[in-house]
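Visitor: The following block contains the structure, expressed as structure tokens.
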Amino acid sequence: MAKTKKGPRQSAGLQCSVCKSFNYITEYNKNNETLMKQTKNISTFPLNKYCNVCMKHTSHKMAKKLK
Ligand SMILES: [Zn+2]
């Protein structure tokens, strides 16, 4: 089996919803995300993460565009 580049794993930047700074880059499984939404009606995002700029936990949303 040859490895395919396009898989369910997606890179996502996590952006602080308060100060708009990018704090984390994470990989998530797009299939799992869709499945979770359909079966449990919950979403991975937004995530509650610590923001170094705000110096507290804030909600981080997924930023689609990554450099
Ligand atoms: Zn922040």
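Visitor: Determine Rg/Rh for the range 9-63; Rg is computed over alpha-carbon atoms and Rh is the Kirkwood hydrodynamic estimate from the same atoms. Write down the numbers at each step before the final one.
Guide: On the way: Rg = 11.9 Å, Rh = 11.6 Å.
Reported Rg/Rh (Cα atoms, Kirkwood Rh): 1.03.
Visitor: Mind giving me the nanometre distance, one decimal, between the label points for residue 29 and residue 59, set 7 Å out from Cα along Cα→Cβ?
Guide: 2.6
Visitor: Now a separate question. In nm, what is the difference between 0.36 nm times the number of residues separating residue 19 and residue 36 and their Cα-Cα distance?
Guide: Taking residue 19 through residue 36 to full extension adds about 3.3 nm, to one decimal.
Bear in mind these aren't lab numbers, they're just calculated from the coordinates by the rules spelled out. If you're wondering where the values come from, they're calculated on a predicted model, not measured in any experiment. Glycine also receives a Cβ, built like all others from the backbone with ideal geometry; neighbour counts cover every protein chain displayed.
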